[in-house]
Amino acid sequence: MMRRLRMGMIGGGPGSFIGPVHRIAAELDREIELVAGAFSSDAANSRAAGECYRIDPARAYASLEAMLAAEAAREDGIDFVTIASPNHHHLPAARAALAAGIPVMTDKPLTATLEEAHEMSCLVKAAGKPFGVTYTYSGYPLVREARARVAAGALGTLRKVVVEYRQGWLARAAEGKQAEWRVDPARAGLGGCIGDIGVHAFHLAEFITGARVNEIMPDLAAVVPGRVLDDDCTVLLRFANGARGALLASQIEVGELNGLRIRIYGDKAGLVWAQETPNTLELHYNDGRSEILHAGGGQLGPDSASRTRTPGGHPEGYLEAFANLYRDFSAQLRGEAAPLLPGIADGMRGMAFIDTAVKASRAGAGWVKLED
């Protein structure tokens, strides 16, 4: 019987949204088990989180350093760590874990700044350990189906890509733990909305199309009075294959919840996928036909079919998509291939996008190159 991989979590303490998500997703397929964590820099909060996660109290540590030292001394020590803390902590946490020989799965964006991302890339390459980045939406079965269809030429020559990520929860002054760190440059880094959700939209556009964005024209704004980081973003895109595009990301659109949506148009067909209705993928052909694909349906390719856990009509969503990334990471840890798992290169692309967009928008630079 295959042994469950043992996960240690960094962050995800009391009040965290993403910590419990990581735990549920990692354990969904019973290949991974959360066994330890440095859940907070406050020892009491870390213990409280350990109680909520129902792990051995002795393995809810007061610091990352304490966790790494203690787990290394155990025969049943952790196999990898998940970083579920704010952006400014990603690099130091990964640095310590990789130095201890521990593989890493981290939240996006990769780091708080592009300079930190370059250091992270060097650390990952030097360590030679599995490293994943949780661009969650690449785990949805119909996103992977869309990628496969585009790669197979179903849309023909790509002409236009429109991706939008609309939220409204920061339309007023930030209140509460989840909001406050996201608008704080010391913890969030250079980007606000562009780093929190815009980078998801950017990754999704490149992931599905398989095409690289090589030029952007960004217009970022801090709309809410007194806010320092951007909360509303419009970015025009030019792809290396000649396609044009637009990326819209906002957290001040009142009434919007989690409106991630992508439309891709070629000379043969177009496709539409939306995160709030993730179990359908629309394909519209140039001869007037339309096709609607359903998650769990028999018409899906092997990768997307294997990522669906229930029959058609039984909705799956965010947690299951997240779990697909952990299934890929588990495969890598066991020495198997998982080519669609976002890794250090994807993380670097995201940070280059954030850095370029913020700096070019502030300078009013117009069209600028997006360098690798």
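Using 0.36 nm per residue, how much length does the chain from K369 to S306 gain when fully extended, once their Cα-Cα distance is taken away?
Values: separation 63, 0.36 × 63 = 22.68 nm, distance 3.78 nm.
Taking K369 through S306 to full extension adds about 18.9 nm, to one decimal.
Could you list M2, M217, M7, M105 in order of exposure, starting from the residue whose Cβ has the fewest other Cβ atoms within 10 Å? Don't skip to the end; give the middle numbers.
Values: M2 8, M217 17, M7 24, M105 27.
Lowest count first: M2, M217, M7, M105.
Once you keep just the Cα pairs under 8 angstrom separated by 6 or more residues, what percentage relative contact order results for the chain? It would help to have the intermediate numbers written out before the result.
On the way: 830 pairs, mean separation 70.9, N = 372.
Normalised by residue count, the contact order of the chain is 19 percent.
Which of L247, A36, L229 sits closest to the plus end of the dipole of the chain, meaning its Cα is farthest towards the positive end, when Lys and Arg get +1 and Asp and Glu get -1 on the C-beta?
L247
For region 135-273, max minus min Cα coordinate along each principal axis, in Å, sorted largest first?
That gives 47, 29, 25 Å along the principal axes, largest extent first.
Before rounding to the nearest 500, sum -39500 (n - 2.57) across all DSSP H runs of length at least 4 in the chain and divide by the residue total; then give [θ] at 222 nm in deg cm²/dmol.
Numbers: 12 runs with 127 residues, N = 372.
For the chain, the value works out to -10000 deg cm²/dmol.
So what does log10 I(q)/I(0) come out to for the chain at q = 0.06, 0.09, 0.10, 0.12 Å⁻¹, using the Debye formula with one equal point on every Cα and no solvent?
The calculated log intensity ratios at q = 0.06, 0.09, 0.10, 0.12 Å⁻¹ are -0.22, -0.50, -0.63, -0.91.
Which whole number in µm²/s is D for region 228-372 by Stokes-Einstein, with the Kirkwood Rh taken over Cα pairs at 4 °C and 1.567 mPa s? Can you show the working numbers first?
Details: Rh = 18.4 Å.
Taking Rh from Cα pairs, D becomes 70 µm²/s.
What order do you get for E320, E31 when you list them from fewest to most C-beta neighbours inside 10 Å? Please report the intermediate quantities before stating the final value.
Values: E320 22, E31 19.
Going from least to most buried by this count: E31, E320.
By a straight-distance test (C-alpha under 18 Å), which aspartates and glutamates pair with K129 as possible cross-link partners, with residues fewer than eight away in the same chain excluded?
E71, D79, D107, E119, D328, E336, D346
Name the long-range amide H neighbours of K160: under 5 Å, sequence gap of 5 or more, or other chain; modelled H, no Pro or chain starts.
Residues meeting the criterion, in which the H sits 1.01 Å from N, are R244, Y265.
Please compute the length gained on full extension between A73 and L319, using 0.36 nm multiplied by the number of residues separating them and subtracting their Cα-Cα distance.
Details: separation 246, 0.36 × 246 = 88.56 nm, distance 3.27 nm.
Contour length minus the Cα-Cα distance gives 85.3 nm.
Would you list the membrane-span-like helices of the chain, meaning whole DSSP H runs whose alpha-carbon atoms span at least 24 Å along their axis and whose mean Kyte-Doolittle value is at least -1.0?
Numbers: long enough: 344-363 (28 Å, 0.33).
Helices meeting the span and hydropathy rule in the chain are 344-363.
Fewest to most neighbouring Cβ within 10 Å: what's the order for T209, T234, T157, T106? Intermediate results must be reported in sequence, preceding the final value.
Numbers: T209 24, T234 17, T157 11, T106 27.
By the 10 Å Cβ count, ascending, the order reads T157, T234, T209, T106.
Coordinate-derived values only; no laboratory data. Quantities reported herein were computed from a predicted structural model and do not represent experimental measurements. Cβ sites come from the backbone with ideal geometry, for glycine too, and all protein chains shown count toward neighbours.
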